[in-house]
Structures are given as C-alpha cells and as structure tokens.
Amino acid sequence: MPTGDSPPPALISVRVLLFATYADLVGRPSVDVELPGPATVADVVRHLRQSVPGASRLPERPLAAVNQVHAQPNQPVSNGAELALLPPMAGG
C-alpha cells in the first residue's frame, strides 16, 4: 500500500565544458555537476549558475551542445552526458 511519500529524484552527473570567456568567468575549463533528474540543458545551466562560483555571470541561455550535438534549452540531459557551453564568436 503506497504511503504517499515519493522517493527523492535520482541524481544525474553531467560534465560541463566551458570555453573561452566562460572558462575565464568560472576559473576552469570544466565542472562536474550533480543535480536531480530528469533534467534539461536549461536545468543544468540554472544549477551551474546557482552553485558554482563565478558561474552566475554566465548567460541564462548560452549556445550549448550535448555530447557534441547542438542542443536547445529544453533538450533532456542524461546521466553521464557532456554539456558544452560556447560563448558567441565572431569571425573575420
């Protein structure tokens, strides 16, 4: 018989790769984060901005790739995924 208590959400682990100015803001090129799953790209970015020193200055919707494929903010991110955050670039 159910008690009405649901188990806590499982944690997922995501490696976040930071490039150029984003790495400078955080002070390192990558960060491993754990957050409750299921999660989206936007959830990982939000968690990163709230929990990692310097990351609060990252944009809320940076250009992102999950496992080397361009990703929208609402894309699901699974346990063990690699999320790359890419700053805007200019060419010439």
*May I ask you to list the residues in segment 49-92 that are within 13 Å of SER13 (Cβ to Cβ) and either surrounded by 12 or more Cβ atoms within 10 Å (Cβ to Cβ) or charged (D, E, K, R) (or both)?*
VAL77, SER78, ASN79, ALA81, GLU82, LEU83
*Take segment 60-92 and flag every residue that is touching a Ser or Thr at 6+ places or on another chain (Cβ under 8 Å) and in a loop (DSSP other than H, G, I, E, B).*
PRO73, ASN74, GLN75, ASN79, GLY80, PRO87
*asked:* Return the pair list, or none, for Cβ contacts closer than 8 Å from residues in segment 35-47 that are within 15 Å of GLY80 (Cβ to Cβ) to residues that are buried (at least 19 other Cβ atoms within 10 Å of the Cβ) and at pLDDT below 95, at least 6 apart or on different chains.
replied: none
*asked:* Go through (1) without any contact (Cβ under 8 Å) to a residue 24 or more places away in the chain; (2) in a loop (DSSP other than H, G, I, E, B) for PRO8 and report which single condition fails.
replied: (1)
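The values are calculated or read from the model by the stated rules, or taken from the named source; none is laboratory data. Because the structure is a prediction, the values reported are computed rather than measured. Glycine gets a Cβ as well: all are built from the backbone with ideal geometry, and neighbour counts include every protein chain shown.
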